[in-house]
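The values are calculated or read from the model by the stated rules, or taken from the named source; none is laboratory data. Please read these numbers as outputs of a predicted model, since none were measured by experiment. Virtual Cβ from ideal backbone geometry, glycine too; neighbours counted across all protein chains shown. Areas reflect the complete protein model, heavy atoms only, side chains present, ligands, DNA and RNA absent. Shrake-Rupley method; radii C 1.70, N 1.55, O 1.52, S 1.80 Å.
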Amino acid sequence: MNLILLGPPGAGKGTQAKRLEEAHGLKQLSTGDMLRAAVAAGTEIGKQAKAFMDAGKLVPDAVVIGAVSERIAQPDCAKGVIFDGFPRTVAQAEALDAMLAGRGQSLDAVIQLKVDDSILVERVKKRAEETLAQGGTVRPDDTPETLKTRLEVYHRDTAPLIAYYERTGKLKGVDGMASMDEVSRQIEAVLEPFLKKRGSILKWLTGR
Ligand code: ADP
């Protein structure tokens, strides 16, 4: 099963992706985490990405698409992936369609986490405060100024994906302002038909 979690910064994509990973054995693929790891390791991709990330801007499509296509070819992605933070542009969405088709796969669902901007600003502020209180290091792009840029970039470059996936009939909206557990319940409800299908294929295979 291949899923996309679509939504603005702070919408809860990472939290929900981790829950789905545990519940259903899917693999979370967070391009933000991949890029931060590349920056920390000082790799070529990290060097290309750092300035864009620090400024709250998108890393160029070619860099991100290259990294994702390498990542999904790894064996741990064979059963399917939860894409978190990817695609973020129409060009990335088109590249993902082609990548999956090349592997004989396709997207099952795109889950849109709907959250108002005012709530996102508060959430990211709280996330930074809690990280500091726990003695952790705040992400360099979790400042109020950079968040403003990230939200602008989201509305300009990423929100058009809502219409893109609406046209495919795969877009499912959930209320990202509800509690984390309620959001998880709504996502499970959306995924139920796909999980059932997977279950029955598994039953068929093991019953032979
Ligand atoms: P958030 O969803 O909270 O903004 P992420 O961890 O997903 O955080 O992304 C952090 C930064 O990493 C982005 O602001 C951007 O610079 C870069 N990034 C992550 N994913 C992509 C992507 N698919 N395309 C381009 N840049 C990306």
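Here are the numbers for the structure shown:
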{"read-out": "Residue that is farthest from the ligand (Cβ to nearest atom), among those in the range 38-58 that are hydrophobic (A, V, I, L, M, F, W, C), open to solvent by 50 Å² or more (accessible area, probe 1.4 Å) and touching a helix residue (DSSP H, G or I) at 6+ places or on another chain (Cβ under 8 Å)", "value": "A40"}
{"read-out": "Unmet requirement for L205, which otherwise passes all of (1) of a type in the set (A, V, I, L, M); (2) surrounded by fewer than 14 Cβ atoms within 10 Å (Cβ to Cβ); (3) at pLDDT 95 or above", "value": "(3)"}
{"read-out": "Long-range neighbours under 7 Å by Cβ, at least six apart or interchain, first residue polar (S, T, N, Q) within the range 173-190, second surrounded by fewer than 16 Cβ atoms within 10 Å (Cβ to Cβ) and in a strand (DSSP E or B)", "value": "Q186/D175"}
{"read-out": "Criterion violated by D142 - all others in (1) within 21 Å of A17 (Cα to Cα); (2) outside any helix (DSSP H, G or I); (3) in contact (Cβ under 8 Å) with a residue 24 or more places away in the chain satisfied", "value": "(3)"}
{"read-out": "Positions within the range 174-189 being assigned to a helix (DSSP H, G or I) and either surrounded by fewer than 16 Cβ atoms within 10 Å (Cβ to Cβ) or modelled with pLDDT under 95 (or both), in sequence order", "value": "M180, D181, E182, R185, E188, A189"}
{"read-out": "Lone qualifier among D84, D61, D33 - being within 8 Å of the ligand (Cβ to nearest atom), under 16 Å from the mean Cα position of the chain (by Cα) and more than 30 Å from L195 (Cβ to Cβ)", "value": "D61"}
